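The values are calculated or read from the model by the stated rules, or taken from the named source; none is laboratory data. What you are looking at is a predicted structure, and each value in this text was computed from that prediction instead of being measured. Cβ coordinates were reconstructed from backbone atoms using ideal geometry, including for glycine residues, and neighbour counts include every protein chain displayed. Remember, those area values only see protein heavy atoms, side chains included, never the ligands or the DNA or RNA. Shrake-Rupley method; radii C 1.70, N 1.55, O 1.52, S 1.80 Å.
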Amino acid sequence: MLSPLIQKIETRFHLSDYDRKALHQLSARLVRVMAHRDLIEEGKASDHITFIRSGFACRYRILPDGGRAIIAYLVPGDTCDLYAPLLGRMDHAVATVTRCDVAVVSRQDLGMLTSDHPAIAGALHITDLVDEAISREWLVSMGRRSAEKQIAHLLCELLARLQVVGLATSDSYEFPITQADLADAAGLSVVHTNRVLQTLRAEGLIVLRNKTLFVPDLNRLHTFSDFDTRYLHLPQNLYSAERRRIISGVARLQ
């Protein structure tokens, strides 16, 4: 049930067979949710945790004028509300972008699991820290990158994140996100977003066909968008004994 999450964790942190088995055996309820449905409403609190198993979802806020701001995209393996109860209630909403399968786990069950398996607790904490790093990079894009570079950077990011869970090739992935969804994530109008995509296509940086994104030259797209994978904290000396010791220590403090 939690296979994408396990894949995501093991990209950055080594799990023992004991820990991996415990995650596989964690009781979860599979729910299929149609596109454009709220998974979690703003201002609500729940006694369960939702993991994306398939499909795309997003974090969003509705502005006073009715406009929507997408503040994060969620892909398989991502968690919707891991630490929300620490703040009381959700300060944003989470909705499906496409049809999604989600795994729902009770907070009590996950709490018992992480208590018995500090390595899992540490690994989940790392995934949350990476999500924060992604949010910081989005702020940089919104504030300092041109519209073309901002969209191109997001396309590079989604490719890298989907590769982690085996849902992208080296240069392509399923791309069901609409121009309206892209516009709400980039803070642009739909018309401007359309012009940006047309520019990226005309420059030969991307190809969009049948809801699939192809990147003819990934290095060129990376260079154009100033994309650097370091903020995603992908494998690089991730499995050292010293790092595992630090992570386990952090987990005991949670």
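Tabulated values for the structure
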{"read-out": "Solvent-accessible surface ranking, highest first, for ARG220, ARG20, ARG99 at 1.4 angstrom", "value": "ARG99, ARG220, ARG20"}
{"read-out": "Contour excess over end-to-end distance, with Cα ends at HIS233 and ALA35 and 0.36 nm allotted per residue", "value": "68.3 nm"}
{"read-out": "Heavy atoms of ILE134 accessible to a 1.4 Å probe, total area in Å² rounded to 10", "value": "20 Å²"}
{"read-out": "Residues of the chain: accessible area per residue with a 1.4 Å probe, Å²", "value": "50 Å²"}
{"read-out": "Residue order for LYS211, LYS149 - accessible surface, 1.4 angstrom probe, largest first", "value": "LYS211, LYS149"}
{"read-out": "The chain: most fluctuating residue of GLY66, GLY88, GLY43 per GNM, C-alpha cutoff 10 Å", "value": "GLY66"}
{"read-out": "With DNA, RNA and ligands ignored, accessible area of TYR60 (1.4 Å probe; Å², nearest 10)", "value": "30 Å²"}
{"read-out": "Segment 1-151 - Rg (one decimal) and Dmax (whole number), Cα, Å", "value": "16.0, 51"}
{"read-out": "When the convex hull of its Cα atoms is projected in every direction, mean area for segment 90-145 (nm²)", "value": "5.7 nm²"}
{"read-out": "Residue-averaged [θ]222 nm for the chain, counting only DSSP H segments that reach four residues, each worth -39500 (n - 2.57)", "value": "-14500 deg cm²/dmol"}
{"read-out": "Cα-based helix-to-principal-axis angle, 118-144 vs the chain, degrees rounded to 10", "value": "20 degrees"}
{"read-out": "Label-to-label distance, nm, for residues given as ARG89 and ARG136 (7 Å Cα→Cβ offset)", "value": "3.0 nm"}
{"read-out": "Largest to smallest principal axis extent of the C-alpha atoms in segment 127-213, angstrom", "value": "35, 30, 20"}
{"read-out": "In Å², nearest 10: area of VAL94 left accessible to a 1.4 Å probe", "value": "0 Å²"}
{"read-out": "FRET efficiency estimate (nearest 0.05) - Cβ-Cβ, SER3 to VAL207, R0 35 angstrom", "value": "0.70"}
{"read-out": "Rounded to whole Å, sorted largest first: equivalent-ellipsoid semi-axes of segment 1-66, Cα gyration tensor", "value": "29, 14, 12"}
{"read-out": "P(r) tail fraction, the chain - alpha-carbon pairs more than 33 Å apart, %", "value": "20 percent"}
{"read-out": "Between 0 and 90°, nearest 10: helix 3-12 axis offset from the chain longest Cα axis", "value": "90 degrees"}
{"read-out": "Percentage of interatomic Cα-Cα distances in segment 24-112 larger than 20 Å", "value": "32 percent"}
{"read-out": "Between 0 and 90°, nearest 10: helix 190-202 axis offset from the chain longest Cα axis", "value": "80 degrees"}
{"read-out": "Charge tally in the Cβ shell below 15 Å around LEU162, where Lys, Arg are +1 and Asp, Glu are -1, LEU162 excluded", "value": "0"}
{"read-out": "Theoretical FRET efficiency, 1/(1+(r/R0)^6), r = Cβ-Cβ of LEU218 and ARG61, R0 30 Å, to 0.05", "value": "0.40"}
{"read-out": "Fluctuation leader among PRO235, PRO118, PRO64 - the chain, Gaussian network, Cα springs under 10 angstrom", "value": "PRO64"}
